[in-house]
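The values are calculated or read from the model by the stated rules, or taken from the named source; none is laboratory data. Just so it is clear, the structure is predicted and the values come from calculations on it, not from any experiment. Neighbour counts are summed over all protein chains in view; Cβ atoms, including those assigned to glycine, are modelled from backbone coordinates with ideal geometry. The protein model used for the area step is the full one, side chains on, heavy atoms only, and it has no ligands, DNA or RNA in it. Shrake-Rupley method; radii C 1.70, N 1.55, O 1.52, S 1.80 Å.
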Amino acid sequence: MAKEDQWWADDKLPKAKINRESLSEAAHLFSYLKPYRVQFIAALFFLFLSNLSTMVFPFVTGKLIDSALLKESGIGIFQNINQVAIVLMVVLTFQAMFSFARISLFAVAGEKALADMRRDTYTRILTLPMKFFSQRRVGELASRLSSDLSQIQDTITTTLAEFLRQVITLIIGVTIIFNISMKLTLVMLSVFPVLIVVAVLFGKSIRKLARKAQDQLADAGTVVEETLQGITNVKAFSNEKFEIKRYSGSINKVVALALKSARLRGAFASFIIFCLFGAIVLVMWYGASLIQTNELTVGELTSFIMYTTFVGGSMAGFAEVYSQLQKTIGATQRVRELQKELPEDVDLINEEIITDNKLNGNVEFKNISFSYPGRKEMQVLKDVSFKAEYGQKIAIVGPSGAGKSTMVNLLLRFYDADAGDILFDGRNANDFPLTQQRKQMAFVPQDILLFGGSIKENIVYGKPGAKEEEIIEAAKQANAHDFIISFPDGYETIVGERGIRLSGGQRQRVAIARAILKDPVILLLDEATSSLDSESERLVQDALEKLMQHRTTFIIAHRLATVKNADQIIVLDNGTIAEQGTHDELMQNENGLYKKLASMQFATNPVLQPEEI
Ligand code: ATP
């Protein structure tokens with residue numbers, strides 16, 4: 001079963017056609033071997049030597065037998081069995097050393113080249129624009145880094161060596177057996193390749209069937225999962241009998257496929273035993289007749305049979321190597337595709353903000369229109385214009401889907417506007433180097449996603465390399481210090497995957513501390529909608545107030561308390577600015593959208609008091 005599992009898994013990686021184009025793509029990735037070419041070439045050399053010593057082995061074995069049978073017939077070192085045995089041991093020792101050198105050198109070149117390739121691919125992925133990420137699935141990208149690159153690594157460290165080994169074995173082996181006996185070689189070559197091709201094809205269909213059985217078993221598993229997850233439904237509808245029938249049906253199919261595959265496997269085993277061994281019998285019988293006519297010695301026949309198994313093994317191995325190479329070509333194509341994607345202008349070198357690029361916090365949207373690259377037909381922002389000055393709090397409100405987050409996305413330059421300009425201090429956003437600009441902005445999202453490490457690591461993410469005191473100061477301002485030190489591990493407390501070991505309010509305050517530490521000129525806040533209890537709410541609100549001082553803040557606001565304090569409220573509706581002004585101004589407009597939204601919030605949000613409006 002384990003073997004079948006493997007077969008099935010093996011077939012999971014898609015294969016690609018091997019042609020000129022795909023090979024040249026692959027060659028590009030193999031350029032990663034360049035810095036390690038000395039090791040790689042040395043490995044190839046040792047591969048050749050170890051192979052050569054393997055090929056000497058049957059020859060010397062034959063001589064050992066011959067020198068035992070016909071004492072005087074040998075020449076030179078092959079005269080007596082002790083000497084031949086010593087030669088064999090020497091050959092073996094060399095072979096062991098060569099193999100060690102070959103395997104370790106291939107590993108050095110392969111591992112190092114692959115580490116470079118992984119690093120480059122990861123760097124490329126991280127520097128790609130958001131447009132790319134909104135069109136891909138994260139799982140797919142992670143798989144490129146793991147399975148595709150592992151496939152390439154296997155090829156460099158093993159498959160390639162295997163392929164070369166087979167070629168060398170085939171060439172040298174066939175040459176030697178031709179030399180031993182042309183007649184016998186012709187007999188062998190007339191049956192073996194045919195048998196091997198049939199065996200390989202047979203193996204392929206067995207593998208296919210095994211995979212089908214696995215898929216079917218997975219289907220049966222899905223039935224169990226669905227039923228158990230929805231057990232209340234099953235019971236409530238008294239559908240136990242129906243589900244058992246469904247499961248039985250699925251299991252019966254598994255059995256049918258498994259039996260079919262077993263029969264095929266049985267046939268395969270019989271075939272191997274009968275035909276392949278039959279062929280060996282044929283070669284031995286013909287070889288024996290050649291011994292009788294003194295055309296061959298016993299030792300030569302032994303060597304011949306040994307070489308034949310080597311050659312046969314290589315022929316059979318070609319199919320596997322070919323399928324591995326196809327998978328590798330597929331993998332290199334996918335990795336190359338990724339490497340060919342255009343990155344955004346991310347600067348990985350300069351840490352400091354250059355004076356010329358310092359932002360003062362004045363922002364202007366000038367006739368901005370935008371639609372997402374994946375959905376060009378739907379305009380999300382339509383001719384949006386407004387100005388924000390340093391120190392202001394700008395609340396963005398509006399119904400769901402109005403385009404609020406999109407405005408934040410454009411401010412962070414995750415996407416480029418289709419029309420219009422975003423100006424920072426009167427200068428076109430595109431004139432600022434991307435990284436320099438983003439370094440002066442901070443974004444606190446609605447669903448805060450912390451990293452799995454410690455609280456300290458999560459805060460310091462806002463300013464890598466920050467001092468201990470700075471971190472504590474930021475945590476204090478964010479009202480997070482007290483709860484952090486109340487934990488036994490303090491700042492070293494591990495927050496768990498995505499921060500699940502912290503409460504919602506604590507997570508928010510850690511994120512606020514991170515933003516405070518970054519000390520951005522422009523702050524982008526997507527206010528959390530989930531209501532906290534009033535104490536946490538007060539702590540978070542208080543922390544936010546501190547965070548918003550001395551910078552320009554854009555808040556996607558959901559709470560009226562925030563909106564009321566804003567210097568400017570932008571009411572977005574379906575991608576356009578419906579209204580704009582302060583809370584008091586907007587409340588004057590009886591028929592305005594803001595007034596409507598405000599009264600709706602008041603009706604549904606018990607946290608707010610009527611007098612807050
Ligand atoms: P909410 O309050 O529900 O978060 P919002 O006002 O922030 O809504 P946006 O997230 O800006 O709204 O979305 C505006 C429109 O753009 C929506 O219709 C949404 O479906 C669409 N949209 C958002 N992100 C993408 C994307 N990556 N690709 C295509 N369309 C998108």
For region 543-564, indicate whether the set of residues that are more than 16 Å from the ligand (Cβ to nearest atom), of a type in the set (S, T, N, Q), at pLDDT 80 or above and open to solvent by less than 10 Å² (accessible area, probe 1.4 Å) is non-empty. yes
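Using the structure shown, decide if Q477 is open to solvent by less than 90 Å² (accessible area, probe 1.4 Å) and within 30 Å of S400 (Cα to Cα). Don't jump to the end; show me each part of the working.
Working: open to solvent by less than 90 Å² (accessible area, probe 1.4 Å): yes; within 30 Å of S400 (Cα to Cα): no.
Considered against the rule, which asks whether it is open to solvent by less than 90 Å² (accessible area, probe 1.4 Å) and within 30 Å of S400 (Cα to Cα), Q477 comes out as no.
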For region 381-398, give me each residue that is under 24 Å from M130 (Cβ atoms), out of contact with any Lys or Arg (no Cβ under 6 Å at 6 or more places or on another chain) and either open to solvent by 30 Å² or more (accessible area, probe 1.4 Å) or of a type in the set (D, E, K, R) (or both). K382, D383
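Which is of a type in the set (A, V, I, L, M) and at pLDDT below 85, of I305, I349, I329, I368?
I349
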Which residues, counting only those in region 322-378, are over 30 Å from L23 (Cβ atoms), under 35 Å from the mean Cα position of the chain (by Cα), hydrophobic (A, V, I, L, M, F, W, C) and not in a strand (DSSP E or B)? V346, L348, I349, I353, M378
Confirm whether A9 is surrounded by fewer than 19 Cβ atoms within 10 Å (Cβ to Cβ), in a helix (DSSP H, G or I), at pLDDT below 85 and aliphatic (A, V, I, L, M). yes
Any residue that is farther than 30 Å from T302 by Cβ and open to solvent by 60 Å² or more (accessible area, probe 1.4 Å) - is there at least one of those in region 184-196? no
Test of understanding: among E341, E377, E364, which residue is within 16 Å of the ligand (Cβ to nearest atom), over 30 Å from I272 (Cβ atoms) and of a type in the set (D, E)? E377
Tell me, yes or no, whether region 511-525 has at least one residue that is open to solvent by less than 10 Å² (accessible area, probe 1.4 Å) and more than 27 Å from L381 (Cβ to Cβ). yes
Which of the residues that make up region 380-400 are within 9 Å of the ligand (Cβ to nearest atom), outside any strand (DSSP E or B) and modelled with pLDDT of 90 or more? V380
Only one of (1) within 12 Å of the ligand (Cβ to nearest atom); (2) under 32 Å from the mean Cα position of the chain (by Cα); (3) in contact (Cβ under 8 Å) with a residue 12 or more places away in the chain; (4) more than 30 Å from A474 (Cα to Cα) is not met by F414, so which one is it? (4)
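Can you work out which of the residues in region 408-429 that are in a loop (DSSP other than H, G, I, E, B) and not charged (D, E, K, R) is surrounded by the most Cβ atoms within 10 Å (Cβ to Cβ)?
Here is the first cut: in region 408-429, the ones in a loop (DSSP other than H, G, I, E, B) are 412-418, 425-426.
Okay, now just the ones that are also not charged (D, E, K, R), so 412, 414-415, 417, 426.
On the way: L412: 17, F414: 17, Y415: 18, A417: 20, G426: 8.
If we take residues in region 408-429 being in a loop (DSSP other than H, G, I, E, B) and not charged (D, E, K, R), then A417 is surrounded by the most Cβ atoms within 10 Å (Cβ to Cβ).
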Tally the residues that are part of a helix (DSSP H, G or I) and either of a type in the set (A, V, I, L, M) or touching an Asp or Glu at 6+ places or on another chain (Cβ under 8 Å) (or both), restricting the search to region 279-319. 20
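Going by the structure shown, is F133 within 16 Å of the ligand (Cβ to nearest atom), without any contact (Cβ under 8 Å) to a residue 24 or more places away in the chain, in a helix (DSSP H, G or I) and open to solvent by 40 Å² or more (accessible area, probe 1.4 Å)?
yes
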When residues of region 452-471 are filtered for being under 16 Å from R509 (Cβ atoms) and in contact (Cβ under 8 Å) with a residue 12 or more places away in the chain, how many remain? 9
I152 - would you say it is within 17 Å of the chain's Cα centre (by Cα), closer than 25 Å to F46 by Cβ, open to solvent by less than 50 Å² (accessible area, probe 1.4 Å) and not small (G, A, S)? yes
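Could we say that T157 is assigned to a helix (DSSP H, G or I) and without any contact (Cβ under 8 Å) to a residue 24 or more places away in the chain here?
So T157 fails the test.
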Do we have any residue at all in region 430-451 that's surrounded by fewer than 18 Cβ atoms within 10 Å (Cβ to Cβ), over 27 Å from the mean Cα position of the chain (by Cα), of a type outside the set (D, E) and over 19 Å from M407 (Cα atoms)? yes
Checklist (1) more than 8 Å from the ligand (Cβ to nearest atom); (2) not in a loop (DSSP other than H, G, I, E, B) applied to S405, failing item: (1)
